[in-house]
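What follows is a short report on a single structure.
The values are calculated or read from the model by the stated rules, or taken from the named source; none is laboratory data. Quick caveat: nothing in here was measured; it's all calculated off a predicted structure. We place every Cβ from the backbone using ideal geometry, glycine too, and count neighbours over all the protein chains shown. Protein only, heavy atoms only, side chains kept; ligands, DNA and RNA dropped before computing areas. Shrake-Rupley method; radii C 1.70, N 1.55, O 1.52, S 1.80 Å.
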Amino acid sequence: SMCYPKVVLLEKGEKGVGKVPEAELLFLDKFGTVKKRLPIDWEEVFWSKNNKYLCVYKDKKIIILDAEGTELWSYKYFPITSILVSPSGDYVIEIPDYELGGYCTMKLYYANGKSKKIDLGDVVERRPDGYYLDISENGEYFAVTIFGYLILFNKEGEVLWKREGTFGSELHYFLKNQFIGAVADKDVGDERIREFCLYDIKGNLLWKNKVFLGVQDVYYEDEGRIYVISGWGHFFCFDTKSGNLLAKYSDRRAPTFFPSWKARSSGKQKHPGNNAAPNWRGIIISPDHSRIITRAFRPNEREIERIEIFDNNLKNLEQKEYPDKYIKWTRLEGPVMKFSKDNLLSIMTKEGLKSYEIK
């Protein structure tokens with residue numbers, strides 16, 4: 001499976017008495033020629049946001065590499081659930097599994113050999129049951145939502161500020177280096193309302209506006225727009241400065257909003273769109289910001305995956321449909337899709353790399 005256009009992950013099955021999965025990374029040049037091969041001890045690869053750095057398990061160590069396969073630094077392996085690699089490649093954040101206290105702890109390891117353990121239960125003064133984590137694009141900060149709190153840390157693991165609210169049911173998103181988008185809930189009568197809240201790096205709430213349940217991705221555009229996509233076929237575009245809704249798209253198979261979240265969750269009322277609403281994942285924007293791509297599948301018809309194409313005002317321009325498992329998936333980022341500078345969209349499929357001209 002493809003991890004990134006320059007790196008291919010080959011899964012080789014299991015080895016040894018403990019049946020440890022064995023895999024190999026192939027590092028390619030721009031022509032697809034293999035320049036380096038690296039055997040690894042687990043078929044899991046963690047990339048930084050900017051795809052410049054990655055880390056793997058090998059010889060009971062976590063090894064941090066650049067995209068050419070050069071080893072930069074490493075540390076002794078510990079059982080974990082997930083790793084976030086900083087965009088600068090000089091530190092990683094481990095989220096331990098449940099047995100190691102992963103529901104309230106994180107571990108930071110640095111290229112200079114230092115390390116730090118953070119117990120989030122001490123930060124919020126209660127025992128939380130899980131958290132979400134994201135790193136800024138410059139790697140100077142990381143933010144956590146946990147048990148109703150939004151917390152900002154510097155890369156040394158020091159708390160800069162924390163805000164209490166109704167956070168925690170969905171991911172938050174660090175938008176470049178200056179904004180944090182967090183999703184919060186509130187009850188209005190019998191209806192559960194979900195809001196997208198925008199904070200600046202100092203922790204000031206700039207604005208909030210209503211979105212749909214199941215936020216799956218957020219994209220910040222330098223020209224002053226923020227796009228928010230829902231897992232139920234809803235797409236929003238907000239003005240970054242004012243928070244005003246500039247455009248909205250709702251798939252015809254999806255209801256506008258859940259009429260009664262409490263009634264539905266208690267089983268008294270079944271949401272009529274559950275079996276029809278498309279499940280959307282990911283936002284990819286062309287270099288000139290004229291086209292937006294997302295992918296969708298229908299819950300009851302998993303044979304078909306769709307690529308949805310929008311303009312920057314969320315007008316739906318085109319759909320491309322594919323058979324089940326036709327589009328390749330990675331273990332981290334979903335199917336490999338990438339825009340070139342001339343607006344060619346490349347998609348890794350089971351038949352190879354397919355490219356489309358997006359007009």
If the stretch 121-220 were replaced by its equivalent ellipsoid, with semi-axes equal to the square roots of 5 times the Cα gyration tensor eigenvalues, what would those be, largest first, whole Å? 22, 17, 11
Residues whose modelled amide H sits under 5 Å from the amide H of W42, counting only those 5 or more places away in sequence or on another chain, are A23, Y57
Using mean Cβ contacts within 10 Å as the protection proxy, how do 189-201, 52-64 order, highest first? 52-64, 189-201
So what J values fall out for the stretch 210-224 if you push phi through Karplus, 6.51 cos²θ - 1.76 cosθ + 1.60 with θ = phi - 60°, rounded to Hz, Gly and Pro as x? 6, 10, 9, 4, x, 4, 10, 6, 9, 10, 9, 9, 4, 6, x
To the nearest 10 square angstrom, how much accessible area does V45 have with a 1.4 angstrom probe? 10 Å²
